[in-house]
1. What FRET efficiency comes out for the pair GLN48/SER215, r = Cβ-Cβ distance, R0 = 60 Å, nearest 0.05?
2. I need the phi-derived Karplus couplings for the range 223-239: 6.51 cos²θ - 1.76 cosθ + 1.60, θ = phi - 60°, integer Hz, Gly and Pro marked x.
3. Distance from the Cα centre of the range 330-374 to that of the range 167-203, in angstrom?
4. Ranking request for peptides 458-464, 83-89, 166-172, 719-725: highest mean number of other beta-carbon atoms within 10 Å first, then the rest in descending order.
5. Evaluate E = 1/(1 + (r/R0)^6) for ASN660 and ASP562, where r is the Cβ-Cβ distance and R0 equals 22 Å; express this FRET efficiency to the nearest 0.05.
6. Among GLY250, TYR229, GLY279, whose Cα projects farthest towards the positive end of the dipole of the range 221-325, with charges put on the beta-carbon of Lys, Arg (+1) and Asp, Glu (-1)?
7. Below 13 angstrom from the Cβ of ASN230, what's the summed charge of the other residues (Lys, Arg +1; Asp, Glu -1)?
8. Report the label-to-label distance for ASP145 and THR432 in nanometres (one decimal), using points 7 Å from each Cα along the Cα→Cβ vector.
Amino acid sequence: MNKRCLRVLEFDKITQMLAGYTSTQPGRRIAVSLTPSDSLSDIELMQQNTEDATNRLLREGSISFTARDSMRESVDRLGKGSSLSAAELLSLALLLENVLRVRSYGTGDPDHTDSLSDLFAILSPLSPLCREIRRCILSEDEIADDASTNLRDIRRRKKSVNDRIHSQLSKMVSSTYRTYLQDAVITMRNGRYCIPVKAEYKGNVPGMIHDQSASASTFFIEPASIVSYNNELRQLDIEEESEINKILAGLSADCAEHTGELTVNLDTLAQLDFIFAKGSFALDINGKRPVFTKNRGIQLKNARHPLLPKDTAVPINVSLGDEYSLLIVTGPNTGGKTVSLKTVGLLTLMGQAGLHIPASDKSELSVFKEVFADIGDEQSIEQSLSTFSSHMKNIVHILKKADPDCLCLFDELGAGTDPVEGAALAISILETLHAKGIRCMATTHYSELKIYALNTKGVENASCEFDVGSLKPTYRLLTGIPGKSNAFAISEKLGLPASVIDMARRQISAKDSSFEDVISRLEKDRITMEDNRRQIERYRHDIEVLKKTYEQRREKINESRDKILNEAREEARTILKEAKDLADSVIRDINRDGGNVKELEKDRTSLRKAINDNTSGDILQKPSSKPRHKASDFTPGLYVRIISMDLDGTVHTKPDQKGNLFVQCGIMNISTNISDLEITEKKKEKNGKDLAKKFSTGGGKLSKSGNISSEINLIGLKVDEAIPKLDKYLDDAYLSHLPSVRIVHGKGTGALRSAVSAHLKKISYVAGFRAGEFGEGDAGVTIVEFK
């Protein structure tokens, strides 16, 4: 890619911005030296790297690739056999720790592999080497005692000598030479222990004078008795320094064995730093990965210039290479023509450099071997070139080098000379490039170029919108509509006298004036259509909001209805279960041998009261907009199903004005509404068995009620014994849906017959009863009819 194009389109500013996201100097150098590629495979790999880095940043957060720039030099010295200092070895350990952290970041989730996984995998933390460096070197100025056995021994001996020196000097300071000393302290001069002696007593303290104070009142004397100790201490210092050098040399030798891995680590960290800088840059500019096609076309959707603030930049839509290969942009000055031109060129360069572009998803770019741009004032005093000449020199170069695999961008083509000749030259240049199939985009003020675009196949007009009312450009790029310079309108708004403007209008030929009027009418029609489109969009949005609101309300109503029905069914099941459990309990007590008759009668009364309590209230109805049947369809004795409770029964009463009625379900008389009823065709016997099954505990004694006898014999029983037995029998007979039964109680004193009659009057499901007739047992028998 030619350097002039990179400079004119300000690609260097993009690389500088990219470098700001790096954390290492090698990564920064890669970013600054970034150039577009013309290899589709390389571009796709770079784009994939950027996309994967962006995804990792969003999924796992940011990562730092910090490494000292001098590490490269240190590794090179290791390869030549040099030893590193403690500080350099610590830097190397820090590098290896960072390599381990980066590798863990990149390979922590084995389920997520991408184009960067291999780069993370080749990193070598060299953990044993790193631990050895950390074990031996505590800081840049301190080597650990355990770095070697010899070093530990040397330091142990140094400590012993130091202790002896301090012991003797402390004795001298505190007693022997106390009166001769300036201060009772132990000090050092030239690496040897001394004591501060007053000048007048220097002859009284035998030893070597190493220094004196500025006032010459104090001499620093090394007592003769510790000279040998100081000599020994100095010798140990030399041995310690030599041993430390051996340790550093050994560590350096260990590192030298891994110079290959260290070099790879440095290169890989720099590459990853650069790639993740591209990812961070893409997130910052809200960039998207472009789709590269092979048709040499461009389809940019909502594209923004990356050097403009993303909050204020107006996005544009640009199409080139599909229906037309040449786009001519017209419009007033400062309207955004040049920015649109640079946006197309710069986004093309960014895409081919592996960077995401600030545009919408699915924006399309093509791979161009060269991008030529003639933009800006290239006037040169040194080369005696005018504006026109400098532009023409560049255009000549473009015409020589351009081919169908190039993209050409021209700003104000043909400007800087006579308008007639400039327009003719511009048309000729564009026609030459168009004939070769070269993708071009040019800006101009010449009306001749607008007409050329209208009359030439494969050439399209575009304009930058301008609001004449506010004298401000909107910066929107409108394809298919030629633009106006709006010179007269702008001048009139700025206060130029109308007479001057009218005179200027008369200077324009009728043909040009007519063309401008057509453009004006097209612009008005476009504005009207835009207003209508926006209004339709508002209506569509309002409809969507109303539709969504309606759907939410309907869903809420359905949920409420289902909740009410579920609660009602659950409550009904609970009521029935309680009644069933209580009935089963009483039946078990009745059938238990030796049961107390009075207690059983009491339980029977409690059972009936509980059933009446549970069935006396209204059962929660299933919401329904209208009944399934008319009220007149329900007559007593009609077989129906209560839908909400899933129970079969017979209509017991006629519906009232609200459609409420009673349905007999076994021993329960349930209040419901005709909207919750369904007429069934089931036989009476089947209903009886179904209801008996509902109240059966499975294999219990209640299940035998389907085969109950139509006669019960109470002869020989007392009233207290006969009535509970009779009550159970009547329940079983009614549950079996027997139409009538025969009670044999005998004539006797008439007490049992009277008790039976009194008991029958209390039972709600008994329709009537009578004494037996001739042949049925006469007065010794009572015939009972059920409802």
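1. Computed FRET efficiency for GLN48 and SER215 comes out at 0.20.
2. x, 4, 6, 10, 4, 5, 5, 4, 5, 5, 5, 5, 5, 5, 4, 5, 5
3. The range 330-374 and the range 167-203 have Cα centres spaced 83 Å from each other.
4. Result, highest mean first: 458-464, 83-89, 719-725, 166-172.
5. It comes to 0.40.
6. Farthest towards the positive end: GLY279.
7. +2
8. Roughly 8.7 nm, to one decimal.
No value in this document is a laboratory result; all are computed from the given coordinates. As the structure is a prediction and not an experimental result, all values here were calculated from the model. Note that we place each Cβ from the backbone using ideal geometry, even for glycine, and neighbour counts take in every protein chain shown.
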